[in-house]
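The next block holds one structure in the form of structure tokens; read it before the comments.
The values are calculated or read from the model by the stated rules, or taken from the named source; none is laboratory data. Because the structure is a prediction, the values reported are computed rather than measured. No Cβ is skipped: glycine too gets one built from the backbone with ideal geometry, and neighbour counts run over all protein chains shown. Just so you know, the surface numbers come from the protein's heavy atoms only, side chains and all, with ligands and any DNA or RNA stripped out. Shrake-Rupley method; radii C 1.70, N 1.55, O 1.52, S 1.80 Å.
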Amino acid sequence: MIAIPVKDTGDNPEVDERFGRCAFFCIIDDKGTKTFIENSAKDLSSGAGGQAVSILANNDVDVIIAPHIGPKSMTPILELGIKVFSVGNAKTVSEALEGLKLNILKAVGEEKPGLRRV
Amino acid sequence: MNIVVLSGKGGTGKTTISVNLANIAGSDIALLDCDVEEPNSHLFCNNEFTSYEDVGALYPVIAEDICIHCGKCGSFCNFSAILCTKKMNIVMPEMCHDCGGCSLVCPVDAISYETRTIGHIRRGLFNQEQQFIDGILNIGEFSSTKIIEKVLSQGLDAKHRIIDAPPGSACAAVETVEGADLALIVTEPTPFALSDMKMVVEMLENMKIPAAVFINKSGADETELLEYCKAKELKVVGRLPFFKEYGEVYAKGGLLSSEFPEVNKLFVTLWRDLVNEA
Amino acid sequence: MKHKEIVLISGKGGTGKTSMTASLIPYFPKLVIADCDVDAPDLDILLEPKILQKEDFIATAKAVIDSSKCINCGNCINVCRFNALSPGDNTPVVKEVYCEGCNACSLVCSSDAISIAPYKTGEIFDSVTEFGPMIHARLTPGEEVSGRLVSEVRKRGKKKAEETNAEVMLIDGPPGIACNVISSITGANLAIIVTEPTTSGLHDLIRVHDTAKKLKVPTAVIINKDGLSSEYSNKIVSYTETQGIILLGRIPLSNKILDSINNKKIPSINAKDFFISNGWELIINNINKMIYSS
Ligand code: SF4
Ligand code: SF4
Ligand code: SF4
Ligand code: SF4
């Protein structure tokens, strides 16, 4: 499952620049079907990114495509083994998916920072 | 006796006043710098630190063999320091506020705590005879109160303690001022400084701490400032005018009270008045 | 065309950042002003904005005790690690400044008397000045500067700039080097660091510049209070040279700026000759060049 932060729902929604505080996540399954989940973490005063990651993990997401992910969200993402790609110039979900298919999106955060296993 | 030196936001020379007061206040004092996010009294103290002590905060560790993955700790934590996912629990120590709540909600006692370092305090001598202690919060940490608490627990054997508070009126300043005998508010005769100072005065009023005002860089029109002080019954206990020569000494990290006899006299009088006042 | 964002920062404060921000204002005709210096919002003293709208900003939550349910057992006081609860006559007293809203107290309250309720962090104002619209804010006393309040002021400034077709948004940035500064300069077209020739001025310049560099924000420096120490002015100049930072100009230490502030006037208007003779127009030209070349 692939997740992309988006500004609204619809056929081809626009990518939201903010990961932890985006309005919705667009989840795309192997068949290309889109579902939307509301980002209930977006109004948290702190730690929105981490909570957003756990929402995605509990929806079996293993790939995230996003414009920018802060270091505090990267920690749990790496820990969970989720892959992250930067959207690059893509502005919409279709463009982002196209980029992924063509293998032109840049993978981010390969190297693991000092993590604490629990 | 504890004298806290504080100011509104925006650099009115709070540190200058504290270090110069300490410089002339005799041997039986301790100077504590509680501005742990930007401690800079040490720049003026020309001293060497003789000992360091780490300050720690707790973070939870989950015993995976006991944990039943109920998710209660993760949904309890208001700071997202524990994320409970289907796959695993992830603890982010640097997000933890050390509230102790997660172990209270855990039904099977799977949570214990370990300590991580969030900063340290340093001890040394200022003028070869006075105690000097400051604290430093590591970059990226948010909880200065633990470091401040540690700094404030030092130098208790000195007759008087001069405490340099963090600027402003937020939590860290409140923590520093708590229990002080007297607060010395450092301000300047400008509308900006007056506006910033009002929040500090409000804080001190709420905490019922007696306060006095010191006007740094005096020389400009003080009418508005004095009217405010009068309305709030705040006594103006001293003034330090601004001269270019003072600025030069300050710029190099020098002590005005050592370089200029008139400044020395001014601080000696101020110190005497403060001790009488408190 | 999208507006350009210029933000002024200084590190610790006291270097005259607000005076410099104010002095730039008259030189940008189609302007929106955003005061992100939310714990010392002093621009309004010079600009006398007319407040059109005022809104509460809520970013934290704190404990509230329902006295009709509380049996004053004191359990909550013992569990609170932040000394935010102290004994009271009928119920414990919450010291809001210390409360972190962690919710531990309500866990141990058998009478269900404690809830964690939204708490006002500050107020945001939507105003107009004679130079253009202005967004500013004020913190509730005792509250910490919140990165979210800073971001919110900037976000509303941006929206205002779009609505009014402004060319420039000028931001008086927050003090310090921490996350608040990051939220106010990320993505800006130009960050102007206002420094002064002192040991702490240089120290802060280096720290703030490091932050801006990491965020890839173009930076430039103004030395304020030049003449205070020629030794430190030289150190700053050589730092800008080795780092390749543009030195926009040097404003001498002078009573003229202080007098303007004391008269609640914008320094570059009140002491116009002083500013012009110290190259203020050249500074403005260079700023324009920098923001329109990026
Ligand atoms: S101690 Fe408090 S802040 Fe830390 S992880 Fe547990 S619940 Fe969260
Ligand atoms: S509350 Fe205890 S048992 Fe439940 S997930 Fe957390 S650690 Fe595991
Ligand atoms: S634990 Fe509940 S009942 Fe007991 S003092 Fe606190 S609020 Fe009151
Ligand atoms: S919410 Fe946490 S910090 Fe606030 S009073 Fe309760 S236990 Fe203390």
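Considering the range B:111-212, the qualifying helices (runs of 4 or more DSSP H), each wholly inside and each with 2 or more residues that are under 30 Å from C:Met20 (Cβ atoms), run over B:171-177, B:191-207. For the range C:84-102, filtered to residues that are near ligand 4 (Cβ under 10 Å from one of its atoms) and touching a residue at least 40 places away in the same chain (Cβ under 8 Å), the residue that is nearest to the other protein chains (Cβ to nearest Cβ) is C:Gly101. Among the residues making up the range B:229-258, those that are more than 14 Å from chain C (Cβ to nearest Cβ), surrounded by 15 or more Cβ atoms within 10 Å (Cβ to Cβ) and part of a helix (DSSP H, G or I) are B:Cys229, B:Ser257, B:Ser258.
Applying the criterion of being within 13 Å of ligand 4 (Cβ to nearest atom) and on the phi > 0 side of the Ramachandran plot to the residues of the range B:95-113, the residue that is surrounded by the most Cβ atoms within 10 Å (Cβ to Cβ) is B:Asp98.
Conditions (1) of a type in the set (Lys, Arg); (2) touching an Asp or Glu at 6+ places or on another chain (Cβ under 9 Å); (3) within 14 Å of chain A (Cβ to nearest Cβ), marked per residue:
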position: B:Tyr59; (1), (2), (3): no, yes, yes
position: B:Ala63; (1), (2), (3): no, yes, yes
position: B:Cys73; (1), (2), (3): no, no, yes
position: B:Glu94; (1), (2), (3): no, yes, yes
position: B:Tyr113; (1), (2), (3): no, yes, yes
position: B:Ile118; (1), (2), (3): no, yes, no
position: B:Gly124; (1), (2), (3): no, yes, no
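Against the conditions (1) touching a Phe, Trp or Tyr at 6+ places or on another chain (Cβ under 9 Å); (2) assigned to a helix (DSSP H, G or I), A:Ile37 satisfies every one except (2). Of all residues in the range B:92-121, those that are under 16 Å from C:Phe82 (Cβ atoms) and among the small types (Gly, Ala, Ser) have Cβ atoms under 8 Å from Cβ atoms of residues that are open to solvent by less than 20 Å² (accessible area, probe 1.4 Å) and not in a helix (DSSP H, G or I), 6 or more apart or on another chain, in B:Gly101/C:Cys102. Only residues that are away from every other protein chain (no Cβ under 13 Å), at negative phi and assigned to a loop (DSSP other than H, G, I, E, B): list them for the range C:143-170, please. Result: C:Thr164, C:Ala166, C:Glu167.
Yes/no per residue for (1) more than 9 Å from chain B (Cβ to nearest Cβ); (2) outside any helix (DSSP H, G or I); (3) surrounded by fewer than 23 Cβ atoms within 10 Å (Cβ to Cβ):
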{"residue": "C:Lys2", "(1), (2), (3)": "yes, yes, yes"}
{"residue": "C:Glu5", "(1), (2), (3)": "yes, yes, no"}
{"residue": "C:Thr18", "(1), (2), (3)": "no, no, no"}
{"residue": "C:Thr21", "(1), (2), (3)": "yes, no, no"}
{"residue": "C:Val32", "(1), (2), (3)": "yes, yes, no"}
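Pairs meeting the criteria (first residue in the range C:66-77 and within 14 Å of ligand 4 (Cβ to nearest atom), second residue open to solvent by 70 Å² or more (accessible area, probe 1.4 Å), beta carbons under 8 Å, at least 6 apart or on different chains) are C:Cys70/C:Asn90; C:Gly74/C:Pro87; C:Asn75/C:Ser110; C:Ile77/C:Pro87. Taken over the range C:184-210, residues that are free of Cβ contacts under 8 Å to residues at least 60 places away in the same chain and either away from chain B (no Cβ under 13 Å) or crowded, with 21+ Cβ neighbours inside 10 Å (or both) amount to 5. Annotation note: of C:Ile236, C:Ile251, the sole residue that is within 12 Å of chain B (Cβ to nearest Cβ), crowded, with 16+ Cβ neighbours inside 10 Å and at pLDDT 95 or above is C:Ile236.
Confirm whether B:Ala81 is within 11 Å of another protein chain (Cβ to nearest Cβ), more than 8 Å from ligand 1 (Cβ to nearest atom) and open to solvent by less than 50 Å² (accessible area, probe 1.4 Å). In short, no.
For the range C:110-126, indicate whether the set of residues that are more than 14 Å from chain B (Cβ to nearest Cβ), more than 30 Å from B:Ser80 (Cα to Cα) and more than 16 Å from ligand 2 (Cβ to nearest atom) is non-empty. So far as the range C:110-126 goes, yes, one or more of its residues are more than 14 Å from chain B (Cβ to nearest Cβ), more than 30 Å from B:Ser80 (Cα to Cα) and more than 16 Å from ligand 2 (Cβ to nearest atom). Residues in the range C:86-113 that are in a strand (DSSP E or B) and within 16 Å of ligand 1 (Cβ to nearest atom): there are none. So, of the residues in the range B:43-61 that are more than 21 Å from B:Ser143 (Cα to Cα) and surrounded by fewer than 22 Cβ atoms within 10 Å (Cβ to Cβ), which turns out to be farthest from ligand 4 (Cβ to nearest atom)? Looking at residues that are more than 21 Å from B:Ser143 (Cα to Cα) and surrounded by fewer than 22 Cβ atoms within 10 Å (Cβ to Cβ), I get B:Asn46.
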